[in-house]
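Encoded as structure tokens, the structure appears first; notes follow it.
The values are calculated or read from the model by the stated rules, or taken from the named source; none is laboratory data. Every value quoted in this text rests on a predicted model; they were computed, and no experiment measured them. Don't worry about glycine lacking a Cβ; one is built from the backbone with ideal geometry, like all the others, and counts go over all protein chains shown.
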Amino acid sequence: MAEIKSAFELAMEKSKKYVISDEEREKIKEKEVLQKATGLFHRYKDGHLFSNEMVKEIERMDERSRERVRGILLSQWVDALSLDEDSGRLLHAIESVKGRSLDDIRERFQNILSAYRGEIEKARQGMSLQLAEALRREEIHGDAVEPNVEGSERWKKLVESTDRSYQGKLDEIKEVLKKLIF
């Protein structure tokens with residue numbers, strides 16, 4: 001009597017013809033590793049994952065994946081360092097994954113960040129005074145009048161210029177970091 005086969009058995013018989021090559025298998029594995037690293041990066045950056053939890057997740061991976069994920073994460077964190085947001089969390093993540101202190105780099109970064117923010121604030125105050133004076137000349141004044149510094153084209157150009165001048169210093173720190181961690 002003929003044997004009745006399940007849908008699964010039929011599918012398995014048909015799929016025997018198709019074999020994934022080693023190259024394709026390697027591409028799939030690399031894509032999975034990249035997705036894991038990117039997921040860890042965003043979860044940590046957004047504050048949904050603590051550094052010790054992240055290190056534990058990395059340690060649970062096989063050795064090859066673990067090293068690849070570490071490399072991807074370190075690279076992403078270095079690239080994400082910026083003057084616009086607090087990058088202390090990213091530096092802490094680099095220290096956690098690399099297992100070494102980066103106090104000297106952290107201090108250099110904080111000095112640059114402090115100088116940048118000081119220059120921006122000084123420029124904001126100066127621009128605010130200039131805009132307030134221009135409004136006063138047009139007889140627009142009073143306690144409720146507050147100049148919109150961020151809306152000014154001059155302000156935007158000033159910020160862009162300041163960003164460019166400090167970007168070089170930030171890039172130097174990123175290069176030093178890359179040499180230290182890779």
Discussion item. So S128 ticks every box in (1) over 19 Å from S87 (Cα atoms); (2) out of contact with any helix residue (DSSP H, G or I) (no Cβ under 6 Å at 6 or more places or on another chain) but one. Which box is left unticked?
Written reply: (2)
Worksheet item: Inside the stretch 46-84, can you point out the residues that are over 18 Å from the mean Cα position of the chain (by Cα) and acidic (D, E)?
Response: E53, E57, E59, D62, E63, E67
Discussion item. Tell me yes or no: at least one residue of the stretch 155-169 is under 30 Å from R68 (Cβ atoms) and either surrounded by 13 or more Cβ atoms within 10 Å (Cβ to Cβ) or not assigned by TED's automatic domain parsing to the domain that holds F41 (or both).
Written reply: yes
Worksheet item: Among helices (runs of 4 or more DSSP H) lying entirely in the stretch 71-182, which contain 2 or more residues that are farther than 21 Å from L40 by Cα, without any contact (Cβ under 8 Å) to a residue 40 or more places away in the chain and of a type outside the set (K, R)?
Response: 103-137, 153-181
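Mind listing whichever residues of the stretch 103-112 are surrounded by 11 or more Cβ atoms within 10 Å (Cβ to Cβ) and out of contact with any Phe, Trp or Tyr (no Cβ under 9 Å at 6 or more places or on another chain)?
Filtering the stretch 103-112 for residues surrounded by 11 or more Cβ atoms within 10 Å (Cβ to Cβ) gives 105-106, 108-112.
Passing the criteria: I105, R106, R108, F109, Q110, N111.
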